Amino acid sequence: MTSATKPEGSAKQFYESLNGLDDVVVAATKVSHVFGEEGRLIYSGYEINQLASQATYEEVCHLLWKGHLPNAAELDALNRALRSQRTLPAAAVAVLRALPSDTNPMDALRTVASAVGAAERIAGKPTFEQAVRLVACFPTIVAGFSRLRQGQDLIAPDPELGHAANYLFMLTGQRPPENHVKSLDTYLVLLADHGMNASTFTARVIASTESDLASCIVGAIGALKGPLHGGAPELVSGMLKEIGTVDNIKPWIDNTLNSHGKLMGFGHRIYRTTDPRAEILRDMAKQASTPEFFALAKGTEDYAIEELNKRKPERRLYTNVEFYSATVLSSVGLSPDLFPTTFAISRVAGWSAHVLEQVANNRLIRPQSKYAGEQGKLFIPINAR
Ligand SMILES: CC(C)(COP(=O)(O)OP(=O)(O)OC[C@H]1O[C@@H](n2cnc3c(N)ncnc32)[C@H](O)[C@@H]1OP(=O)(O)O)[C@@H](O)C(=O)NCCC(=O)NCCS
């Protein structure tokens, strides 16, 4: 690991500046990059806006894994591979069935993804084929869990359907409407990768120890679960529900900020302006929700930005991807507690791309810490303490 910042001032100031690893560069990557000041995100050279409006999730998987958009033959081969790899091994289905129905869906995904790795002996240096396998079966795990907890039968994947459509089909047993498929596919494109975020870093750290791909992905799911990362959209839904009416926006936000609460769906470590994905999702949310609900969401966004920037002008806090994700995912019929797992269904493409990149030119990621404790203590036997 190398630091982009040189020690300046006292050692204490330097170590404090590393708290949270702001501005520390941990890897060179060609997979994606966030330009925080400009509000831009690119995947392998392409602006996210271009990909969101024109590419499918499967094309984006190819782009992230191989560094270029697929030609027709390459896309056909990838589609066939993904569609043939959706079914879970029997041992993973048994684990899925054994989970209590009130299991957190992220815990279920993490556990069953681990079971797939164990049952299929995903081992050795991570491969493209293993990445395809894990991406292909994530929707099967989440949809299967969602059905079992409601006492419903599992639905077999439909090889005629693309990734997004098949996920919705396995959740409901109904062929989804085209507008839902398009919305979900665009969401999957938007969330597929995002520079050196916490879960991607986690995956790369595990990869750097020469562990296997399933272990990298299971670790990444754990990192994504937290509300400061992928757990926020579920909380955005709760927040908007609590606010309830346009009239309540100002008092609710004032009250939350006055009591040092966080507004979910706002702020970002890297962006100093609106997240470009939030701009796209806002347009989608406008199409997908009722005028009343959109007025509530937009009113909350406008007042939150105004108030956050009044209170923290130096931070420049804006809407992040999670704010309108909640509205878009609700509009395709997903329950709020499946939002984080749906984020993972998308991001597993990016995680695996980063792992493949890490192992292609690996060096163990092993940072240093600053020891802040005491030294020179003398051991006292237990009966003398
Ligand atoms: C995303 C997030 C974790 C980034 O964290 P970060 O880079 O460490 O930002 P900081 O915590 O340093 O924020 C700086 C200040 O702004 C405040 N702030 C940041 N985001 C805020 C938010 N959404 N609501 C209220 N205050 C916020 C912090 O409380 C902090 O105030 P302080 O200096 O008085 O302690 C943070 O903005 C957040 O918690 N947002 C809400 C959760 C969320 O939307 N998560 C999804 C991320 S995509």
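Worth a mention:
- Flag for K298 being surrounded by 15 or more Cβ atoms within 10 Å (Cβ to Cβ) and either away from the ligand (no atom under 14 Å from the Cβ) or assigned to a helix (DSSP H, G or I) (or both): yes
- Residues of the stretch 236-278 satisfying the condition of being surrounded by fewer than 13 Cβ atoms within 10 Å (Cβ to Cβ), part of a loop (DSSP other than H, G, I, E, B) and away from the ligand (no atom under 13 Å from the Cβ): G244, T245
- Of all the numbered requirements in (1) more than 16 Å from the ligand (Cβ to nearest atom); (2) surrounded by fewer than 24 Cβ atoms within 10 Å (Cβ to Cβ); (3) of a type in the set (A, V, I, L, M), L317 misses one, and that requirement is (1).
- The single condition from (1) in contact with a Cys (Cβ under 8 Å, 6 or more places away or on another chain); (2) within 11 Å of the ligand (Cβ to nearest atom) that A349 fails is (2).
- Residue list for the stretch 71-106, restricted to those being in a helix (DSSP H, G or I) and without any contact (Cβ under 8 Å) to a residue 24 or more places away in the chain: A72, A73, E74, L75, D76, A77, R80, A94, V95, A98
- Subset of the stretch 329-343 (residues that are within 15 Å of the ligand (Cβ to nearest atom) and either farther than 30 Å from G173 by Cβ or buried (at least 21 other Cβ atoms within 10 Å of the Cβ) (or both)): L329, F339, P340, T342, F343
- Qualifying helices (runs of 4 or more DSSP H) (wholly inside the stretch 109-222; at least 3 residues being within 27 Å of Q54 (Cβ to Cβ)): 128-149, 163-172, 178-191
- Residues that are at pLDDT 95 or above, closer than 25 Å to V328 by Cα and out of contact with any helix residue (DSSP H, G or I) (no Cβ under 7 Å at 6 or more places or on another chain) are absent from the stretch 115-134.
- If you check A278, A288 for being under 30 Å from D23 (Cβ atoms), touching a residue at least 24 places away in the same chain (Cβ under 8 Å) and not basic (K, R), only one passes: A278.
The values are calculated or read from the model by the stated rules, or taken from the named source; none is laboratory data. These numbers were taken from a predicted model, which means no experiment stands behind them. Ideal geometry is used to build each Cβ from the backbone, glycine not excepted, and the neighbour counts take in all protein chains shown.
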